[in-house]
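The values are calculated or read from the model by the stated rules, or taken from the named source; none is laboratory data. As the structure is a prediction and not an experimental result, all values here were calculated from the model. A quick note on method: Cβ atoms are made from the backbone with ideal geometry, for glycine too, and the neighbour counts reach across all protein chains shown. Accessible surface is based on the protein model in full, side chains and every heavy atom, while ligands, DNA and RNA are left aside. Shrake-Rupley method; radii C 1.70, N 1.55, O 1.52, S 1.80 Å.
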Amino acid sequence: MSTTQPILQVNDLKKHYPIRGGLLSGITANVYAVDGISFEIAKGETLSLVGESGCGKSTVGKAILRLFDITSGEVVLDGQRIDQLSTGKLRPLRQRVQVVFQDPFSSLNPRMRVRDILAEPITNFGIAQGKEAVTERTMALMDKVGLPRDAVNRWPHEFSGGQRQRIGIARALAAEPELIICDEAVSALDVSVKAQIVNLLCDLQKELGLALLFISHDLAIVEHMTHRVAVMYLGKIVEMGTKEQIFGAPRHPYTVALLSAVPVPDPKIRRERILLKGDVPSPINPPKGCRFNTRCPYVFDRCRTEEPALRPMAQGHVAACHLHDLPAEDNPLLKQAVPALADDRRQFR
């Protein structure tokens, strides 16, 4: 992992969606989809963004890609702020950040053959000039993602889901990016195919030095392929650290609850499942204080009135929880033993 300037920095990012009451009415409320998060990704590093559906993970990815304007905050790409750039100035920088979407079928143009899908970013960004050079580059991409060269003449509907995702990865690589955002890139695939795509991404990262923002809810896959993990809840990052810190010594009740839901590989090991009460609160009206206080098994009065800040737990490990102001002997999070997750290691190389 590089110790130089991060390829991506996100500073206090917020994205609020206004809700209007009607045709003639003004804004009546806001959806606080992402409400002030910060993180960075080093060159060649994988940061995984995890959490329940609706916590704002995908919104973060789309905000970085500038698929919409953010409410406030900063998105800095390799030292250059990009969140305020005009469309014209942003265009050349789009080459450096690409995306692999969740649904490999809907993300591919059904009216274009694979050769044209891959050739489009190559020609748009001027990576290769002339038909012969573009074709050579296209064939090299097919080799890189493990697809036969003669498949470039086929249409997207002629491929399986895993093959289509390989095409999606090849299309992202065609622009020669430095950062790829994987937005639930394996969640729509079968288990064995997931492993193949994850192994492919890991191989490509090592070969090309790519940085990855891996947005997922599959903790077993995250544990296998990531360097660091950021846990989101209701638009906020509640814990962030290395994978060893998050999976081995979680320091937020929500992270502990997420890990408790994953089966352990050894049937002799018993893990107490933490069943969170209630539903995730509405992002239109998030709870006061700690946003997790309505479901937290360890909630006390301070949690309902004062929002906890991210505070250091160890080197590179931060968590937002008032329990860490208690004496160590009274902190239930320091008594948790977390068995390793049950990802089938045979699937991964």
ask   = How big is the Kirkwood radius of the range 2-55, worked out from every pair of different alpha carbons and given in Å to one decimal?
value = 13.9 Å
ask   = Once phi is turned into ³J(HN,Hα) by the Karplus curve 6.51 cos²θ - 1.76 cosθ + 1.60 with θ = phi - 60°, what whole-Hz value does each residue of the range 210-222 show in order, with x for glycine and proline?
value = 6, 9, 10, 9, 9, 8, 7, 10, 8, 5, 5, 5, 4
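Which FRET efficiency value, to the nearest 0.05, is calculated for Ile127 and Arg91 with the Förster distance at 25 angstrom and r the Cβ-Cβ distance? Write out the running numbers ahead of the final one.
On the way: r = 14 Å, r/R0 = 0.57.
Efficiency computed from Cβ-Cβ geometry: 0.95.
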request  = State the answer as a single residue: which of Ser58, Leu201, Gln163 lies farthest towards the positive end of the charge dipole of the chain, with beta carbon charges of +1 for Lys and Arg and -1 for Asp and Glu, about the Cα centre.
outcome  = Gln163
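What accessible area per residue, rounded to a whole number of Å², is obtained for the chain using a probe radius of 1.4 Å?
Accessible area per residue, the chain: 48 Å².
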query = Ignoring ligands, DNA and RNA, what percent of the accessible area of the chain is carbon or sulfur (1.4 Å)?
reply = 50 percent
note = Highest GNM mean-square fluctuation among Phe214, Phe39, Phe247, for the chain with Cα springs under 10 Å, belongs to Phe39
query = Which cross-chain or sequence-distant (5 or more) residues have an amide H under 5 Å from the amide H of Leu8, H modelled 1.01 Å from N in plane?
reply = Ile41, Asp78
ask   = For the range 14-161, what proportion of DSSP beta bridges, expressed in % and rounded to the nearest 5, is antiparallel?
value = 100 percent
key: Amide H contacts of Ile181 (H built 1.01 Å from N, under 5 Å, at least 5 apart or other chain)   = Gln98, Val99, Val100, Leu213
task = Express the relative contact order of the range 279-329 as a whole percentage, based on alpha carbon pairs under 8 Å and six or more residues apart in sequence.
result = 26 percent
query = Put a dot 7 Å past each Cα toward the Cβ at Glu74 and Glu306; how far apart are the dots in nm?
reply = 2.9 nm
query = Rg and Dmax of the chain over Cα atoms: what are they, in angstrom?
reply = 21.5, 69
remark   = Residue span Gln84 to Leu67: 0.36 nm per residue of separation minus Cα-Cα distance leaves a gain in nm of 4.9 nm
Cα-derived Rg to Rh of the range 47-180, Kirkwood definition = 1.00
Projected area averaged over orientations for the range 100-155, convex hull of C-alpha atoms, nm² = 4.1 nm²
